[in-house]
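What follows is a set of notes on a single structure, which appears directly below.
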Amino acid sequence: MENDGILAVAKKSTFRGLWTVEQKNKSLNFDNLLRNFRNNIVKIIPENSLLFKWMTIQGLKMNAKKHHSSLTSLAMGVYATEHCNLNCKCCTAFSPIAKETFLNIESYKKDMVKLAELTGGKLSSFYVTGGEPLLHPRILDIFGIARDCFPETTISFMTNGILLLKMPKTFWEQCGQYAVSINISRYPIHIDIEKIKEKGKVHNIKIDYVGGSDVPVKSMWKYPLDVEGKQPLSRSYDICSQINRCITMKEGKIYACNTIAGIGHFNQYFNKELEITEEDVLELHKVKEVKEIYEYLCTPKPFCKYCNRKGVVLGIQYGGSKREIEEWT
Ligand code: SF4
Ligand code: SF4
(Lines give C-alpha, C1' and ligand atoms only; values in the text may rest on other atoms or scores of the structure.)
(Ligands and ions follow the chains in the order given, each with its own letter.)
Protein backbone atom coordinates (compact mmCIF):
# COMPACT_ATOMS: atom_id res chain seq x y z
CA MET A 1 0.00 0.00 0.00
CA GLU A 2 1.19 3.45 -0.60
CA ASN A 3 0.40 6.89 0.75
CA ASP A 4 -2.27 9.01 -0.87
CA GLY A 5 -0.94 10.80 -3.89
CA ILE A 6 -2.21 14.10 -5.00
CA LEU A 7 -3.54 17.17 -4.15
CA ALA A 8 -4.71 14.34 -2.59
CA VAL A 9 -7.22 13.38 -4.53
CA ALA A 10 -6.88 10.46 -6.71
CA LYS A 11 -6.11 7.35 -4.79
CA LYS A 12 -6.41 4.04 -6.49
CA SER A 13 -9.37 3.58 -8.75
CA THR A 14 -10.12 0.25 -7.07
CA PHE A 15 -11.25 2.14 -3.99
CA ARG A 16 -14.20 3.72 -5.69
CA GLY A 17 -17.83 2.88 -5.29
CA LEU A 18 -20.10 2.01 -8.18
CA TRP A 19 -21.78 4.87 -9.90
CA THR A 20 -23.33 5.07 -13.30
CA VAL A 21 -20.84 4.65 -16.13
CA GLU A 22 -21.22 8.31 -16.99
CA GLN A 23 -20.59 9.46 -13.41
CA LYS A 24 -17.66 7.11 -13.12
CA ASN A 25 -16.07 8.34 -16.35
CA LYS A 26 -16.52 11.95 -15.28
CA SER A 27 -14.92 11.19 -11.94
CA LEU A 28 -12.03 9.30 -13.54
CA ASN A 29 -11.42 12.21 -15.91
CA PHE A 30 -11.49 14.60 -12.97
CA ASP A 31 -9.09 12.42 -10.99
CA ASN A 32 -6.78 12.02 -13.99
CA LEU A 33 -6.79 15.76 -14.44
CA LEU A 34 -5.86 16.29 -10.81
CA ARG A 35 -3.22 13.56 -10.96
CA ASN A 36 -1.61 15.14 -14.01
CA PHE A 37 -1.84 18.55 -12.40
CA ARG A 38 -0.16 17.22 -9.28
CA ASN A 39 2.58 15.43 -11.19
CA ASN A 40 3.44 18.65 -12.97
CA ILE A 41 3.02 21.02 -10.06
CA VAL A 42 5.51 19.08 -7.90
CA LYS A 43 8.13 19.87 -10.50
CA ILE A 44 7.66 23.56 -9.66
CA ILE A 45 6.48 23.68 -6.04
CA PRO A 46 8.34 21.46 -3.55
CA GLU A 47 6.10 18.87 -1.90
CA ASN A 48 7.27 19.95 1.54
CA SER A 49 6.37 23.64 1.05
CA LEU A 50 3.48 25.37 2.81
CA LEU A 51 1.87 26.23 -0.52
CA PHE A 52 1.84 22.61 -1.60
CA LYS A 53 0.40 21.61 1.76
CA TRP A 54 -2.34 24.23 1.50
CA MET A 55 -3.22 23.02 -1.99
CA THR A 56 -3.23 19.46 -0.77
CA ILE A 57 -5.65 20.21 2.05
CA GLN A 58 -7.98 21.95 -0.40
CA GLY A 59 -7.72 18.87 -2.61
CA LEU A 60 -8.46 16.62 0.35
CA LYS A 61 -11.54 18.65 1.23
CA MET A 62 -12.83 18.53 -2.34
CA ASN A 63 -12.18 14.84 -2.55
CA ALA A 64 -13.79 14.15 0.80
CA LYS A 65 -16.90 16.07 -0.22
CA LYS A 66 -17.15 13.99 -3.37
CA HIS A 67 -17.05 10.73 -1.45
CA HIS A 68 -19.02 11.53 1.71
CA SER A 69 -22.40 10.38 0.57
CA SER A 70 -24.16 7.09 0.96
CA LEU A 71 -23.00 4.41 -1.47
CA THR A 72 -25.14 2.27 -3.71
CA SER A 73 -22.52 -0.43 -4.08
CA LEU A 74 -19.41 -1.47 -2.20
CA ALA A 75 -15.72 -1.52 -3.07
CA MET A 76 -14.50 -3.97 -0.44
CA GLY A 77 -10.95 -4.77 0.60
CA VAL A 78 -9.22 -7.42 2.69
CA TYR A 79 -5.69 -7.71 3.99
CA ALA A 80 -4.10 -10.96 2.83
CA THR A 81 -1.23 -10.28 5.21
CA GLU A 82 -0.54 -7.37 7.52
CA HIS A 83 3.24 -7.73 7.50
CA CYS A 84 5.39 -6.99 4.48
CA ASN A 85 8.66 -7.82 2.76
CA LEU A 86 9.40 -4.10 2.42
CA ASN A 87 9.86 -1.77 5.34
CA CYS A 88 8.68 1.65 4.25
CA LYS A 89 8.78 4.66 6.52
CA CYS A 90 5.29 5.93 7.53
CA CYS A 91 3.52 2.90 6.03
CA THR A 92 -0.20 3.59 6.34
CA ALA A 93 -0.86 -0.12 6.86
CA PHE A 94 1.47 -0.19 9.92
CA SER A 95 3.27 -3.14 8.30
CA PRO A 96 6.78 -2.35 9.62
CA ILE A 97 5.46 -2.72 13.17
CA ALA A 98 2.94 -5.50 12.46
CA LYS A 99 3.43 -9.02 13.73
CA GLU A 100 3.25 -11.68 11.05
CA THR A 101 -0.48 -11.85 10.35
CA PHE A 102 -2.15 -13.94 7.64
CA LEU A 103 -5.77 -13.75 6.57
CA ASN A 104 -7.65 -16.68 8.11
CA ILE A 105 -9.12 -18.48 5.13
CA GLU A 106 -12.06 -20.06 6.98
CA SER A 107 -13.38 -16.84 8.49
CA TYR A 108 -12.67 -14.99 5.24
CA LYS A 109 -14.81 -17.52 3.38
CA LYS A 110 -17.69 -17.08 5.83
CA ASP A 111 -17.41 -13.30 5.53
CA MET A 112 -17.41 -13.46 1.74
CA VAL A 113 -20.47 -15.73 1.65
CA LYS A 114 -22.33 -13.36 3.97
CA LEU A 115 -21.27 -10.34 1.91
CA ALA A 116 -22.42 -12.05 -1.28
CA GLU A 117 -25.81 -12.78 0.34
CA LEU A 118 -26.21 -9.14 1.34
CA THR A 119 -25.14 -7.70 -2.00
CA GLY A 120 -26.70 -10.25 -4.34
CA GLY A 121 -23.17 -11.29 -5.34
CA LYS A 122 -22.31 -7.85 -6.68
CA LEU A 123 -19.63 -5.43 -5.56
CA SER A 124 -18.30 -2.48 -7.48
CA SER A 125 -14.84 -3.91 -6.85
CA PHE A 126 -12.97 -6.23 -4.55
CA TYR A 127 -9.31 -5.75 -3.73
CA VAL A 128 -6.77 -7.76 -1.81
CA THR A 129 -4.07 -5.75 -0.12
CA GLY A 130 -1.54 -5.87 2.71
CA GLY A 131 1.23 -5.82 3.84
CA GLU A 132 2.35 -7.88 0.93
CA PRO A 133 -0.41 -10.22 -0.29
CA LEU A 134 2.00 -12.53 -2.11
CA LEU A 135 3.45 -13.62 1.24
CA HIS A 136 0.20 -15.47 1.93
CA PRO A 137 0.73 -19.17 1.15
CA ARG A 138 -2.93 -19.52 0.11
CA ILE A 139 -3.21 -16.40 -1.99
CA LEU A 140 -4.85 -18.33 -4.82
CA ASP A 141 -7.55 -19.61 -2.45
CA ILE A 142 -8.23 -15.98 -1.53
CA PHE A 143 -8.76 -15.11 -5.19
CA GLY A 144 -10.76 -18.28 -5.90
CA ILE A 145 -13.19 -17.65 -3.03
CA ALA A 146 -13.62 -14.06 -4.16
CA ARG A 147 -14.38 -15.15 -7.72
CA ASP A 148 -16.86 -17.85 -6.55
CA CYS A 149 -18.75 -15.35 -4.41
CA PHE A 150 -18.59 -12.47 -6.87
CA PRO A 151 -18.54 -13.87 -10.41
CA GLU A 152 -18.87 -10.52 -12.16
CA THR A 153 -16.91 -8.22 -9.89
CA THR A 154 -13.59 -6.58 -10.76
CA ILE A 155 -11.02 -8.26 -8.53
CA SER A 156 -7.51 -6.94 -8.05
CA PHE A 157 -4.62 -7.12 -5.66
CA MET A 158 -2.06 -4.56 -4.62
CA THR A 159 1.59 -5.58 -4.43
CA ASN A 160 5.02 -4.02 -4.21
CA GLY A 161 5.97 -6.40 -7.03
CA ILE A 162 9.06 -7.92 -5.43
CA LEU A 163 7.76 -11.49 -5.46
CA LEU A 164 5.86 -11.43 -8.72
CA LEU A 165 8.53 -12.98 -10.92
CA LYS A 166 9.17 -15.65 -8.31
CA MET A 167 5.56 -16.86 -8.43
CA PRO A 168 5.06 -20.24 -10.12
CA LYS A 169 3.39 -20.70 -13.48
CA THR A 170 0.19 -21.92 -11.80
CA PHE A 171 -0.09 -18.58 -10.03
CA TRP A 172 -0.12 -16.67 -13.32
CA GLU A 173 -2.46 -19.18 -14.94
CA GLN A 174 -4.96 -18.98 -12.11
CA CYS A 175 -4.84 -15.20 -11.86
CA GLY A 176 -5.75 -15.23 -15.54
CA GLN A 177 -8.49 -17.79 -14.97
CA TYR A 178 -9.99 -15.84 -12.06
CA ALA A 179 -9.61 -12.55 -13.96
CA VAL A 180 -7.63 -10.97 -11.15
CA SER A 181 -5.78 -7.81 -12.10
CA ILE A 182 -2.55 -6.63 -10.50
CA ASN A 183 -1.81 -3.16 -9.15
CA ILE A 184 1.88 -2.66 -8.49
CA SER A 185 2.79 0.26 -6.21
CA ARG A 186 5.66 2.22 -7.60
CA TYR A 187 8.43 2.37 -5.02
CA PRO A 188 12.01 3.41 -5.72
CA ILE A 189 13.16 -0.19 -5.82
CA HIS A 190 14.19 -2.24 -8.79
CA ILE A 191 11.60 -4.56 -10.25
CA ASP A 192 11.64 -5.81 -13.81
CA ILE A 193 8.38 -4.16 -14.80
CA GLU A 194 8.74 -5.00 -18.49
CA LYS A 195 9.09 -8.70 -17.74
CA ILE A 196 6.14 -8.55 -15.37
CA LYS A 197 4.03 -6.84 -18.02
CA GLU A 198 5.06 -9.50 -20.53
CA LYS A 199 3.87 -12.24 -18.16
CA GLY A 200 0.64 -10.38 -17.67
CA LYS A 201 0.14 -10.21 -21.41
CA VAL A 202 0.74 -13.93 -21.86
CA HIS A 203 -1.85 -14.77 -19.21
CA ASN A 204 -4.27 -12.02 -20.13
CA ILE A 205 -3.88 -10.23 -16.79
CA LYS A 206 -4.33 -6.49 -16.49
CA ILE A 207 -1.32 -4.91 -14.83
CA ASP A 208 -1.29 -1.37 -13.51
CA TYR A 209 1.95 0.22 -12.34
CA VAL A 210 0.39 2.64 -9.85
CA GLY A 211 1.96 6.05 -9.93
CA GLY A 212 2.94 5.71 -13.57
CA SER A 213 6.29 6.57 -15.01
CA ASP A 214 5.73 10.31 -14.89
CA VAL A 215 5.82 10.73 -11.12
CA PRO A 216 9.18 12.41 -10.51
CA VAL A 217 9.88 11.36 -6.95
CA LYS A 218 8.35 8.68 -4.83
CA SER A 219 7.73 10.29 -1.50
CA MET A 220 5.70 9.29 1.49
CA TRP A 221 2.93 11.16 3.21
CA LYS A 222 2.06 11.01 6.85
CA TYR A 223 -1.37 11.54 8.34
CA PRO A 224 -0.36 11.88 11.98
CA LEU A 225 -2.26 10.16 14.73
CA ASP A 226 -3.14 12.26 17.77
CA VAL A 227 -2.64 9.74 20.56
CA GLU A 228 -4.50 12.03 22.96
CA GLY A 229 -7.61 11.82 20.77
CA LYS A 230 -8.24 15.57 20.83
CA GLN A 231 -9.05 16.21 17.16
CA PRO A 232 -12.50 17.65 16.44
CA LEU A 233 -14.41 14.77 14.87
CA SER A 234 -15.92 16.79 12.09
CA ARG A 235 -12.59 18.27 11.01
CA SER A 236 -10.90 14.89 10.74
CA TYR A 237 -13.86 13.53 8.86
CA ASP A 238 -14.32 16.53 6.56
CA ILE A 239 -10.86 16.18 5.09
CA CYS A 240 -10.69 12.40 5.14
CA SER A 241 -10.42 10.93 1.68
CA GLN A 242 -10.58 7.36 2.98
CA ILE A 243 -14.31 7.46 3.74
CA ASN A 244 -16.16 5.03 1.46
CA ARG A 245 -12.90 4.22 -0.31
CA CYS A 246 -10.72 2.18 2.03
CA ILE A 247 -13.38 -0.13 3.41
CA THR A 248 -11.79 -3.14 5.06
CA MET A 249 -13.28 -6.48 6.05
CA LYS A 250 -11.52 -8.56 8.67
CA GLU A 251 -12.60 -11.46 10.90
CA GLY A 252 -16.35 -10.81 10.63
CA LYS A 253 -16.05 -7.06 10.98
CA ILE A 254 -16.27 -4.16 8.59
CA TYR A 255 -14.06 -1.13 9.17
CA ALA A 256 -14.65 2.25 7.59
CA CYS A 257 -10.94 2.69 6.92
CA ASN A 258 -7.64 0.88 7.08
CA THR A 259 -6.43 3.15 9.88
CA ILE A 260 -8.97 1.72 12.31
CA ALA A 261 -8.49 -1.78 10.92
CA GLY A 262 -4.74 -1.69 11.49
CA ILE A 263 -4.46 0.35 14.68
CA GLY A 264 -4.00 -2.78 16.83
CA HIS A 265 -0.44 -3.05 15.52
CA PHE A 266 0.31 0.54 16.52
CA ASN A 267 -1.20 0.03 19.98
CA GLN A 268 0.69 -3.17 20.55
CA TYR A 269 4.07 -2.01 19.29
CA PHE A 270 4.07 1.35 21.07
CA ASN A 271 2.05 0.26 24.08
CA LYS A 272 -0.76 2.74 23.41
CA GLU A 273 -4.50 2.49 23.84
CA LEU A 274 -6.19 4.21 20.94
CA GLU A 275 -9.62 2.85 21.59
CA ILE A 276 -11.84 1.20 19.02
CA THR A 277 -15.43 1.42 20.25
CA GLU A 278 -18.50 -0.57 19.17
CA GLU A 279 -19.54 2.33 16.97
CA ASP A 280 -16.28 2.21 15.05
CA VAL A 281 -16.90 -1.22 13.58
CA LEU A 282 -19.81 -3.06 12.05
CA GLU A 283 -20.42 -6.71 12.90
CA LEU A 284 -20.96 -8.17 9.46
CA HIS A 285 -22.87 -11.25 10.58
CA LYS A 286 -25.46 -9.13 12.42
CA VAL A 287 -26.24 -7.08 9.32
CA LYS A 288 -29.63 -7.85 7.75
CA GLU A 289 -29.62 -5.51 4.79
CA VAL A 290 -26.80 -3.99 2.79
CA LYS A 291 -28.12 -0.47 3.40
CA GLU A 292 -27.00 -0.88 7.02
CA ILE A 293 -23.45 -1.07 5.68
CA TYR A 294 -23.90 2.04 3.53
CA GLU A 295 -25.31 3.95 6.50
CA TYR A 296 -22.47 2.84 8.76
CA LEU A 297 -19.83 3.90 6.24
CA CYS A 298 -20.81 7.48 5.53
CA THR A 299 -20.79 8.85 9.07
CA PRO A 300 -17.84 10.04 11.21
CA LYS A 301 -16.58 7.46 13.65
CA PRO A 302 -15.59 8.12 17.29
CA PHE A 303 -12.10 6.95 16.30
CA CYS A 304 -11.73 9.95 13.95
CA LYS A 305 -10.74 11.98 17.03
CA TYR A 306 -7.33 10.28 16.80
CA CYS A 307 -6.77 11.37 13.20
CA ASN A 308 -5.02 14.68 12.68
CA ARG A 309 -5.78 14.87 8.97
CA LYS A 310 -5.02 18.58 8.81
CA GLY A 311 -1.52 17.89 10.10
CA VAL A 312 -0.66 15.87 7.00
CA VAL A 313 3.10 15.88 6.34
CA LEU A 314 4.04 15.71 2.68
CA GLY A 315 7.15 15.03 0.71
CA ILE A 316 8.82 12.73 3.21
CA GLN A 317 11.73 11.21 1.38
CA TYR A 318 11.19 7.52 0.76
CA GLY A 319 13.25 5.34 3.07
CA GLY A 320 13.25 2.46 5.51
CA SER A 321 11.20 2.58 8.68
CA LYS A 322 13.10 2.90 11.95
CA ARG A 323 9.92 1.80 13.70
CA GLU A 324 9.79 5.02 15.73
CA ILE A 325 6.45 6.41 16.88
CA GLU A 326 7.12 9.74 15.10
CA GLU A 327 6.54 8.00 11.78
CA TRP A 328 2.86 7.72 12.66
CA THR A 329 2.25 10.65 15.05
S1 SF4 B 1 5.89 -1.54 4.00
FE2 SF4 B 1 4.79 -2.80 2.49
S3 SF4 B 1 2.63 -2.27 2.82
FE4 SF4 B 1 3.82 -0.66 3.75
S5 SF4 B 1 4.03 0.96 2.20
FE6 SF4 B 1 5.84 -0.42 2.04
S7 SF4 B 1 5.29 -1.93 0.51
FE8 SF4 B 1 3.38 -0.95 1.15
S1 SF4 C 1 -10.37 7.27 11.55
FE2 SF4 C 1 -11.83 8.66 10.55
S3 SF4 C 1 -10.60 10.41 9.85
FE4 SF4 C 1 -9.18 8.71 10.30
S5 SF4 C 1 -8.89 7.66 8.34
FE6 SF4 C 1 -10.55 6.60 9.41
S7 SF4 C 1 -12.46 7.55 8.72
FE8 SF4 C 1 -10.75 8.92 8.15
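If I go through region 297-314 residue by residue, how many of them are out of contact with any Lys or Arg (no Cβ under 8 Å at 6 or more places or on another chain) and more than 7 Å from ligand 2 (Cβ to nearest atom)?
Residues of region 297-314 that are out of contact with any Lys or Arg (no Cβ under 8 Å at 6 or more places or on another chain), as a first pass: 297-304, 306-308, 311.
Checking which are more than 7 Å from ligand 2 (Cβ to nearest atom) leaves us with 297-299, 302, 308, 311.
Selection size over region 297-314: 6.
Being under 26 Å from Lys122 (Cβ atoms) and within 16 Å of ligand 2 (Cβ to nearest atom) is true for just one of Ile276, Ile263, Ile243, Ile239. Which residue is that? Reasoning before the result, please.
On the way: Ile276 fails: under 26 Å from Lys122 (Cβ atoms); Ile263 fails: under 26 Å from Lys122 (Cβ atoms); Ile239 fails: under 26 Å from Lys122 (Cβ atoms).
Answer to the selection: Ile243.
Would you check if Glu273 is surrounded by fewer than 16 Cβ atoms within 10 Å (Cβ to Cβ), more than 16 Å from ligand 1 (Cβ to nearest atom) and of a type outside the set (Lys, Arg)?
On the way: surrounded by fewer than 16 Cβ atoms within 10 Å (Cβ to Cβ): yes; more than 16 Å from ligand 1 (Cβ to nearest atom): yes; of a type outside the set (Lys, Arg): yes.
Judged against the criteria, Glu273 is a match.
If you go through region 251-258 one residue at a time, do you hit one that is at pLDDT 95 or above and surrounded by 23 or more Cβ atoms within 10 Å (Cβ to Cβ)?
Let us first name the residues in region 251-258 that are at pLDDT 95 or above, namely 251-255.
Okay, now just the ones that are also surrounded by 23 or more Cβ atoms within 10 Å (Cβ to Cβ), so 255.
Yes, there is a match, as at least one residue in region 251-258 is at pLDDT 95 or above and surrounded by 23 or more Cβ atoms within 10 Å (Cβ to Cβ).
Which of the residues spanning region 265-285 are closer than 24 Å to Lys109 by Cβ and out of contact with any Asp or Glu (no Cβ under 9 Å at 6 or more places or on another chain)?
Scanning region 265-285 gives Val281, Glu283.
Report the residue count in region 195-229 for those that are of a type in the set (D, E, K, R), more than 30 Å from Lys169 (Cα to Cα) and at pLDDT 95 or above.
Of the residues in region 195-229, the ones of a type in the set (D, E, K, R) are 195, 197-199, 201, 206, 208, 214, 218, 222, 226, 228.
Restricting the remaining residues to those that are more than 30 Å from Lys169 (Cα to Cα) gives 214, 218, 222, 226, 228.
With at pLDDT 95 or above added as a condition, the list becomes 226, 228.
Summing the residues that are of a type in the set (D, E, K, R), more than 30 Å from Lys169 (Cα to Cα) and at pLDDT 95 or above in region 195-229 gives 2.
Determine, yes or no, whether Lys288 is part of a helix (DSSP H, G or I) and away from ligand 1 (no atom under 16 Å from the Cβ).
no
Return yes or no: is Phe102 touching a residue at least 60 places away in the same chain (Cβ under 8 Å) and within 16 Å of ligand 1 (Cβ to nearest atom)?
On the way: touching a residue at least 60 places away in the same chain (Cβ under 8 Å): no; within 16 Å of ligand 1 (Cβ to nearest atom): yes.
When the stated conditions are applied, Phe102 does not pass them.
Mind listing just one residue for me: the one in region 304-313 that is within 18 Å of the chain's Cα centre (by Cα) and of a type outside the set (Val, Ile, Thr) and, of those, nearest to Ala256 (Cα to Cα)?
Narrowing region 304-313 to residues within 18 Å of the chain's Cα centre (by Cα): 304, 307, 309, 312.
From the residues that got through so far, the ones that are of a type outside the set (Val, Ile, Thr) too are 304, 307, 309.
Values: Cys304: 10, Cys307: 13, Arg309: 15 Å.
Within region 304-313, the match that is nearest to Ala256 (Cα to Cα) is Cys304.
If a residue must be more than 10 Å from ligand 2 (Cβ to nearest atom) and under 13 Å from Phe303 (Cα atoms), how many such residues does region 246-258 contain?
Matching residues across region 246-258 total 0.
Pull up region 311-329, narrow it to residues that are in contact with a Ser or Thr (Cβ under 8 Å, 6 or more places away or on another chain) and over 19 Å from Gly264 (Cα atoms), then point me to the one that is nearest to ligand 1 (Cβ to nearest atom).
Among those residues, the one meeting the criterion is Tyr318.
Looking at Ile182, Ile145, Ile97, Ile139 in this structure, which one is of a type in the set (Val, Ile, Thr), within 18 Å of Tyr209 (Cα to Cα) and in contact with a helix residue (DSSP H, G or I) (Cβ under 9 Å, 6 or more places away or on another chain)?
Details: Ile145 fails: within 18 Å of Tyr209 (Cα to Cα); Ile97 fails: within 18 Å of Tyr209 (Cα to Cα); Ile139 fails: within 18 Å of Tyr209 (Cα to Cα).
Just one listed residue meets the conditions, Ile182.
Between residues in region 146-173 that are surrounded by fewer than 20 Cβ atoms within 10 Å (Cβ to Cβ) and residues that are at pLDDT 95 or above and among the aromatic types (Phe, Trp, Tyr), which pairs lie under 8 Å by C-beta distance while being six or more apart or on different chains?
Qualifying pairs under 8 Å: Arg147/Tyr178; Thr154/Phe126.
Looking at Ile243, Ile254 in this structure, which one is away from ligand 1 (no atom under 16 Å from the Cβ) and assigned to a strand (DSSP E or B)?
Numbers: Ile243 fails: assigned to a strand (DSSP E or B).
None of the other options fit; the residue is Ile254.
Hey, among the residues in region 291-310 that are at pLDDT below 95, crowded, with 17+ Cβ neighbours inside 10 Å and hydroxyl-bearing (Ser, Thr, Tyr), which one's nearest to ligand 1 (Cβ to nearest atom)?
Among those that are at pLDDT below 95, crowded, with 17+ Cβ neighbours inside 10 Å and hydroxyl-bearing (Ser, Thr, Tyr), it is Tyr296.
Would you point out the residue of region 126-163, among those that are hydroxyl-bearing (Ser, Thr, Tyr) and within 22 Å of Cys84 (Cβ to Cβ), that is nearest to ligand 2 (Cβ to nearest atom)?
If we filter region 126-163 for residues that are hydroxyl-bearing (Ser, Thr, Tyr), which is where we start, we get 127, 129, 153-154, 156, 159.
Still in the running and within 22 Å of Cys84 (Cβ to Cβ): 127, 129, 156, 159.
Numbers: Tyr127: 17, Thr129: 15, Ser156: 21, Thr159: 23 Å.
Looking at residues that are hydroxyl-bearing (Ser, Thr, Tyr) and within 22 Å of Cys84 (Cβ to Cβ), I get Thr129.
The values are calculated or read from the model by the stated rules, or taken from the named source; none is laboratory data. For clarity, every value in this text was computed on a predicted model and none was experimentally measured. Virtual Cβ from ideal backbone geometry, glycine too; neighbours counted across all protein chains shown.
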